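First the structure, in the form of structure tokens, and then the observations on it.
The values are calculated or read from the model by the stated rules, or taken from the named source; none is laboratory data. On a predicted model such as this, the values are computed, not experimentally measured, just so you know. So basically every Cβ, Gly included, is an ideal-geometry build from the backbone, and we count neighbours across all protein chains shown. What goes into the accessible areas is simple: the full protein's heavy atoms, side chains included, and nothing from ligands, DNA or RNA. Shrake-Rupley method; radii C 1.70, N 1.55, O 1.52, S 1.80 Å.
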Amino acid sequence: MSVRRFTPEGMLRPTPYEHVAVGTGTRHVHVSGQVARSADGSPVAPGDLAGQVAHALRNTATGLAGAGASFDDVLRLTFYVTDWAPEKMGAFMAGVEQVAGEIGLTVPLPPSSLIGVDHLFEPDVLVEVEATAILD
């Protein structure tokens, strides 16, 4: 495996993600921001943060698979969430947990950032996910 994830002693615990990932491969995979849209562009889970997180992660898994990668190869995830507030963490994590087994995403997650933004490219989009992976 080309990615090793861990949280060194002395770093904040518990967290729903690992703090460090070390990649030893040579091929980089970058999956652009994925949102809750079906392949034909139709919105998925309007107004439902958990549902949108789950579908955006499904789309991320599809992008990774297209490059011959999986979540095992992911070094980092970046989540952009509109109108973020700490009270939304439950719905956010519910979306992750809803789809994790289906797409092979482990919890704790790879090193991750969750960034609150005012809005994304369309008013109905509540979350966008980017992934960086490495392959041998």
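Before moving on, here are some points about what is shown:
- Scanning the range 95-113 for residues that are within 17 Å of ASP48 (Cα to Cα) and either basic (Lys, Arg) or open to solvent by 40 Å² or more (accessible area, probe 1.4 Å) (or both) gives GLU97, GLN98.
- Checked against the criteria, THR78 counts as touching an Asp or Glu at 6+ places or on another chain (Cβ under 6 Å), closer than 18 Å to GLY33 by Cα and not in a loop (DSSP other than H, G, I, E, B).
- Single unsatisfied condition, HIS19 versus (1) free of Cβ contacts under 8 Å to residues at least 60 places away in the same chain; (2) under 16 Å from the mean Cα position of the chain (by Cα): (1)
- Flag if GLY90 is in contact with an Asp or Glu (Cβ under 8 Å, 6 or more places away or on another chain) and either assigned to a strand (DSSP E or B) or farther than 18 Å from PRO111 by Cα (or both): no
- Cβ-Cβ distances below 7 Å connect the following pairs, each with a first residue in the range 66-94 that is surrounded by fewer than 15 Cβ atoms within 10 Å (Cβ to Cβ), a second residue that is assigned to a strand (DSSP E or B), and a separation of six or more residues or different chains: GLY68/LEU135.
- Some residue of the range 34-52 being closer than 21 Å to VAL74 by Cα, loosely packed, with under 15 Cβ neighbours inside 10 Å and at pLDDT 95 or above: no
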